[in-house]
């Protein structure tokens, strides 16, 4: 880890000097600023979403019912029969995402350790303002998806209403709809864990990107003068 940080510090020091923005930084100062850059909102996102109501009450991260389930509720007759399950299912869905969020931190740290010179250069000097988020997504998404799935499904299997779990309520929701005559089409219930896993990660990266953009726009508010100097190389 120290060798990796030292290597990246030298790389970033070269970037800084080549852009003529910061002419004299010690290796310790570069290390400190680099550490702030490597975080780029991940700790904030994990802390914000990995608590009760973290997903449920966040309008940018909240996970709704699957689109096919929302679509059947557009029929008022159907909604009158099965709409009573919606709030409890949505709460259970979001609770499962909140329960899985603590899996993210270690995988983000792993992605940070593996960052190359080219990655660091792209993050600092990119023009889109979300280069760190995109790097983390490329490096960590598949492992996050794998790590999230089991705790999400475990939480979905926990009883939340009258002894029934979220998975059971969603199955009941689907089977009740499927039993309504003359409606047409069938609602599948067995893919809920996959759906929640993908949406949980979507919300996680939305929060990371939001924080990254805030950091880039106002680094002195969220970091240090060193971070401000580093980020100014991209402007």
Inset, instruction - Using packing as a proxy for protection, rank 65-78, 121-134 so that the peptide with the highest average count of other Cβ atoms within 10 Å comes first. - result: 121-134, 65-78
Legend entry - Within the stretch 50-70: backbone nitrogen closer than 14 Å to the residue 191 label point (7 Å, Cα to C-beta): 66-70
Inset, instruction - Calculate the spin-label point distance for residue 143 paired with residue 116, positioning each point 7 Å from the Cα along the beta-carbon direction, and give it in nanometres. - result: 1.7
Inset, instruction - Going by C-beta contacts inside 10 Å, put 42, 166 in order with the fewest on the left. - result: 42, 166
Legend entry - Neighbour-count ranking [beta-carbon atoms within 10 angstrom, fewest first] of 46, 51: 51, 46
Legend entry - Whole-Å distance, taken between Cα centres, linking the stretch 46-97 and the stretch 123-178: 13
Legend entry - Taking 57, 49, 204, 107 and counting other C-beta atoms within 10 Å, the order from fewest to most: 57, 107, 49, 204
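Only the coordinates and a few stated rules stand behind these numbers; no lab work does. Source: prediction; values computed, not measured. All Cβ positions, glycine included, derive from the backbone under ideal geometry; neighbour counts span all protein chains shown.
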